[in-house]
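What follows is a single structure, written as structure tokens, with notes after it.
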Amino acid sequence: MSVCLSAGEAKNIPPYPGPNKMRDCYCTVNLDQEEVFRTKTIEKSLCPFYGEDFYCEIPRSFRHLSFYIFDRDVFRRDSSIGKVAVKKEDLQKYHGKDHWFPLQPVCADSEVQGKVHLELRLSEVITDSGVVCHKLCHNEQCFHSQDIYAHNINAFLTPYRSEAKKTKVKRKTNNPQFDEVFFFEVTKPLSYTKRQFDVEEDDVDKLALKVDLWNASNLKFGDEFLGEVRVPLKVLGQSGVHDAWYFLQPRDNGNKSVKADELGSLRLNIVYTEDHVFPTEHYNPLRDLLLQSAHVEPVSASAAHILGEVCREKQEAAVPLVRLFLHYGKIVPFLSVIAHAEINRTQDPNTIFRGNSLTSKCIDETMKLAGMHYLRVTLKPIIDEICTDHKPCEIDPVKLKESENLDTNRENLRQYVDRIFNVITSSGVSCPTVMCDIFFSLRESAASRFQVDPDVRYTAVSSFIFLRFFAPAILSPNLFHLRPHHPDPCTSRTLTLISKTIQTLGSLAKSKSANFKESYMAAFYDYFNEQKYADAVKNFLDLISSSARWDQKSIETPIMLKEGFMIKRAQGRNRFGLKNFKKRWFRLTNHEFTYHKTKGEGALCSIPIENILAVERLEEESFKMKNMFQVIQPERALYIQANNCVEARDWIDILTKVSQCNCKRLSTYHPSAYLNGHWLCCKLSADTAPGCTPCTGGLPANIQLDVDGDRETERIYSLYSTYMSKLVKMQEACGSKSVYDGPEQEEYSTFVIDDPQETYKTLRLVISAVQTLEQQHMQYKRDKFRKTKYGSQEHPIGDQSFQCYIRQQSESSTYSI
């Protein structure tokens, strides 16, 4: 599962009750109640614009994807204004579309998550006085994703009588196991003689067991409500036994609903993807067709090119194709042949790769994946400085503030442009090899096609590296992970001016000042009308498009891969040192993993990458703490707690990838901690005992290109399946072209078909492979429908997404019958 969302803006937020009226608002993204992302704070606005994108792989099941708007007041206290909670089963309704959601009130009684296991049994008992009565036996376990310290059970058995019983308090745990049995007496009138628990239907509906969960608190405010379950006793049926899992539900406290837009609204664009990936052998036919694309002549008849032809947006096809070809090391041959074909179709050298073709989208995606760390080491330091210093750089006289000086602003901007230009043009040796190979192919194809134009070998490369790589990264550093949030308006304006200038410098246009519509930009560019800038660009382009190879290890410099605050458990390097938990600033480069007391201070501990033997999750029961993982070293393990499940997954992934080449990596590990003289998992007493659990599967050593090939093939199958009607129409177009040599029919003119017969053959193979996978998916769903029990731990009672799935399967079964 993955989610990609854009938190656009909020509007009509209710004003602050004080005289100022304005609010300082930020938005959080939550999986149920667990925060996984937070936007920047927009100050003094009732219609805050965020414009921030967030993508993550979802590592666990969830019920709601929630968005909370908070207001930060002058005392730095945060109060919730409202929320948007989208049920998992409703995410597809809003897939890929901008939608305004009304904000709903945040009520403690509705903030619930987790599930509880209940076992009910009705027994008939004869008392000493000879009276026949029934006892309800209730046995309970509970698994919940928040800390639960206490638990109350209230049983309401008739409209006029109730009794309450309480479990013991389970402290410091997210998954309390109570295993307690409670008896509730149900006495019928003396005239009651039936052995079965059988009363009128109207009475049965009134009998229910209610289970409340509470977080025990020593504070004066009392316990915190965590959720409830109401179980009607009619579920006991004739057997008198009921055993099931239930989702916890919010409490119905009779609150009145809020009018639409009373709390404001939030604009979101949500893209939610859930893939059912089969074992790798299921994808062999389709994957082989795709990976052979570079060798098909003409390339327009290949499976990969056909996917680009039938998709509504080229970007849809480019993302999974690039990731698949990168995973199998075939991206350069594939991009070389499709780029060569596009260049041969181009008539004017000035329009090379100007359109949104499959080639340009694939190269864009490749640069994003392979060049992310190249961008960080090249641009991040100076981008951070620009965002921190807030120097005035506005050079438009119309927009100039009264307190600013035009000449000073121009000088500030010129210095920034000069520094970024010098950093870029001196970074050629650090450009990733895969990008250099692609640029070499582009250069050679363009020079061969347009031999009379001496500059085309440069413009073919600069149209990507400057126009589609460096310039967009400068303009929107948050989209390239160079900054955590979208810059403020003033800084964003500075970055826009820098991006425009860098883009023009890299274009090598004959008359560069004419490229600007604004006169103030043309005047500013006069600073750079010197031959040394053009020479520097050409030298840089020559270097990154050369076929020569460098020894990467000899030029490798430390690259910051990830950093942030987490909580670590002291490693106990001193024999009698205290092993407590402390908040530390962690920093990972391609050389070492360090932690510091705070950001910017010296390292308290440094772990060389070659000393990381494994990185694995740590079982929650070890320290009664969530989102923990362990970095295993030769003599000890460092236990770390991340802030949320998404961050824990990210740290584990990147630490595993960067240490994958270590020759001494472990094959087994201990999933639990070593405490009180033994391993909690296998109970062995020696702290050097070999692991009891196999380590997770190996990953590619190249940290930029880690991809699940089967998952990408599954996504490509989904695209083919979605656009099956276009595949069929393309077959018809091939037939039409083969038998009719006249003007092309309008309905077929959108397809690029150079060889109708070869294209038809590939289409037939693609459709066959897609239909086979379609049948396997249908069989999988039928098997799952038969085997899955509603009320199991996997699908508790109250799981609305599973109920929707059952309805869909029932309808499809009825239709097929």
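The values are calculated or read from the model by the stated rules, or taken from the named source; none is laboratory data. Everything quoted here is computed from the prediction, not taken from an experiment. When we count neighbours, we look across all protein chains shown, and the Cβ atoms used for this are built from the backbone with ideal geometry, even at glycine. Please note that ligands, DNA and RNA were not included when accessible areas were found on the heavy atoms of the full protein model with its side chains. Shrake-Rupley method; radii C 1.70, N 1.55, O 1.52, S 1.80 Å.
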Got a number for the accessible area of residue 483? Probe 1.4 Å, square angstrom, nearest 10.
70 Å²
Stretched out fully, how many nm does the piece from residue 582 to residue 539 gain, at 0.36 nm a residue minus the Cα gap?
10.5 nm
Testing the spin-label approximation: label points 7 Å from Cα along Cα→Cβ at residue 447 and residue 684. State their distance in nm.
6.0 nm
Grab the Cα-Cα distance for residue 249 and residue 415, subtract it from 0.36 nm times how many residues apart they are, and report the gain in nm with one decimal.
53.9 nm
Please turn the phi angles of segment 33-47 into ³J(HN,Hα) values with the Karplus equation 6.51 cos²θ - 1.76 cosθ + 1.60 (θ = phi - 60°), one per residue in order, whole Hz, x for glycine and proline.
9, 9, 6, 10, 7, 9, 7, 6, 8, 9, 8, 6, 8, 9, 9
Over 27 Å between Cα atoms: which of 168/582; 97/726; 97/368; 83/170; 562/664 fall into that group?
168/582; 83/170
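Give the relative contact order (percent, whole number) for segment 371-545; include only Cα pairs under 8 Å separated by 6+ residues. List each step's numbers first, then the result.
Values: 170 pairs, mean separation 53.9, N = 175.
Computed value for segment 371-545: 31 percent relative contact order.
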Ranked highest first by the average count of other Cβ atoms within 10 Å around their residues, in what order do 605-615, 380-390 fall?
605-615, 380-390
Skip the ligands, DNA and RNA, and give the accessible area per residue of segment 337-401 with a 1.4 Å probe, whole Å².
42 Å²
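Using the crude model of +1 on Lys and Arg Cβ and -1 on Asp and Glu Cβ, and no other charge, please compute the dipole size for segment 292-383 relative to its Cα centre, in debye to 20.
The dipole magnitude comes to about 360 debye.
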For segment 590-650, just say rounded, prolate or oblate: build the C-alpha gyration tensor, square-root its eigenvalues into a ≥ b ≥ c, call rounded for a/c under 1.5, and beyond that prolate if a/b exceeds b/c, oblate if not.
oblate
If the chain between residue 234 and residue 429 were fully extended at 0.36 nm per residue, the gain over the current Cα-Cα distance would be 62.8 nm
Mind ranking 516, 581 by accessible surface for me, highest first, 1.4 Å probe?
581, 516
Points 7 angstrom from Cα along the Cβ direction at residue 408 and residue 281: gap in nanometres?
7.4 nm
Set the Förster radius R0 to 35 Å, insert the Cβ-Cβ distance between residue 765 and residue 356 as r into 1/(1 + (r/R0)^6), and round the FRET efficiency to 0.05.
0.80
Count the lysine pairs in segment 371-545 whose Cα atoms lie under 14 Å apart, taking only pairs 8 or more positions apart in sequence or on different chains.
4
Sequence-distant residues sharing a close amide H with residue 46 (under 5 Å, placed H):
23
Report the semi-axes of the equivalent ellipsoid for segment 1-89 in whole Å, largest first, where each axis is √(5λ) for an eigenvalue λ of the Cα gyration tensor.
26, 12, 11
Interchain or sequence-distant (5+) residues whose placed amide H lies within less than 5 Å of the amide H of residue 562 are 588
Cβ-based charge dipole, segment 371-545, positive-most Cα from 445, 470, 382:
445
Listed highest first by mean packing, meaning other Cβ atoms within 10 Å per residue, what order do 344-357, 77-90 come in?
77-90, 344-357
What GluC sites (Glu not before Pro) in segment 394-431 are in a loop by DSSP, with at most 15 other Cβ atoms within 10 Å of the Cβ?
402, 404
State, to one decimal in nm, how far the label point of residue 262 lies from the label point of residue 598, with both points 7 Å from Cα in the Cβ direction.
4.4 nm
Integer Hz, Karplus 6.51/-1.76/1.60 couplings in order for segment 453-470, x for Gly and Pro:
9, x, 8, 5, 5, 8, 5, 5, 7, 5, 5, 9, 5, 8, 5, 10, 10, 6
Order the peptides 269-277, 110-118, 243-251 from the highest to the lowest mean number of other Cβ atoms within 10 Å of their residues.
110-118, 243-251, 269-277
Taking a ≥ b ≥ c as the square roots of the eigenvalues of the Cα gyration tensor, with a/c under 1.5 meaning rounded and otherwise prolate when a/b exceeds b/c and oblate if not, segment 371-545 is oblate
Starting from the amide H of residue 37, placed 1.01 Å from N in the peptide plane, find each other amide H under 5 Å away whose residue is 5 or more places distant or on another chain.
29
Calculate the dipole size of segment 371-545 relative to its Cα centre from +1 charges on Lys and Arg beta carbons and -1 charges on Asp and Glu beta carbons; express the result in debye to the nearest 20.
380 debye
Explain nothing, just compute: Karplus ³J(HN,Hα) = 6.51 cos²θ - 1.76 cosθ + 1.60, θ = phi - 60°, for every residue of segment 240-246 in order, whole Hz, x for Gly and Pro.
x, 10, 9, 9, 6, 9, 10
